[in-house]
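Worksheet: one structure, shown below.
The values are calculated or read from the model by the stated rules, or taken from the named source; none is laboratory data. This structure is a prediction, so every number in the text was calculated from the model and none was measured. So basically every Cβ, Gly included, is an ideal-geometry build from the backbone, and we count neighbours across all protein chains shown.
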Amino acid sequence: MGQAREMMDRLTETAIERHDVDSAAQFYAENAVLATPDMGEIRGRDQISEYWHGMMDGFPDGHYEAISKLESDGKAVDEGFFIGTNTGAMKGPDGATIEATGKQVKLRSCDVATVEDGMITEHHLYFDEADFMRQLGLTS
């Protein structure tokens, strides 16, 4: 197993399975970039940590089911499902608070992380934001 695969697995285990976002944030380089469909580009470890807190606070029972895992040339790619029940408030793309809906989501996602010198420098997170909002009951 290479360095990229190891870091992606540690990130998933720490942030999503154990919900220890503060520890998981340490896997990112200080000037890392996280690209998401809901919040766009997020720059810097502190802002990335804030994003992960928002997601995991909104889904305290959230977990990840992997479909496939790949690694090549310093990049790790995961495809799978994020599954959880929205029992906590979240911040929406416009910064407004979205109150808990009590709905369960099963959201297909794909993550691509670039690792350099043992740190995640770039992380692209892909999911269908419209499907996410539909599963939460916020759109039809």
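Structural remarks
- Where helices (runs of 4 or more DSSP H) sit wholly within the stretch 1-108, those with at least 2 residues that are touching a residue at least 60 places away in the same chain (Cβ under 8 Å), in contact with a strand residue (DSSP E or B) (Cβ under 7 Å, 6 or more places away or on another chain) and surrounded by 15 or more Cβ atoms within 10 Å (Cβ to Cβ) occupy 3-11.
- Count - residues of the stretch 109-140 that are under 14 Å from Leu11 (Cα atoms) and either basic (Lys, Arg) or surrounded by 15 or more Cβ atoms within 10 Å (Cβ to Cβ) (or both): 12
- The residues of the stretch 58-109 that are under 21 Å from Ala35 (Cβ atoms), among the acidic types (Asp, Glu) and over 14 Å from the mean Cα position of the chain (by Cα), listed by number, are Glu71, Asp73, Asp94.
- When the stretch 125-140 is limited to residues that are on the phi < 0 side of the Ramachandran plot and assigned to a loop (DSSP other than H, G, I, E, B), the one that is modelled with the lowest pLDDT turns out to be Ser140.
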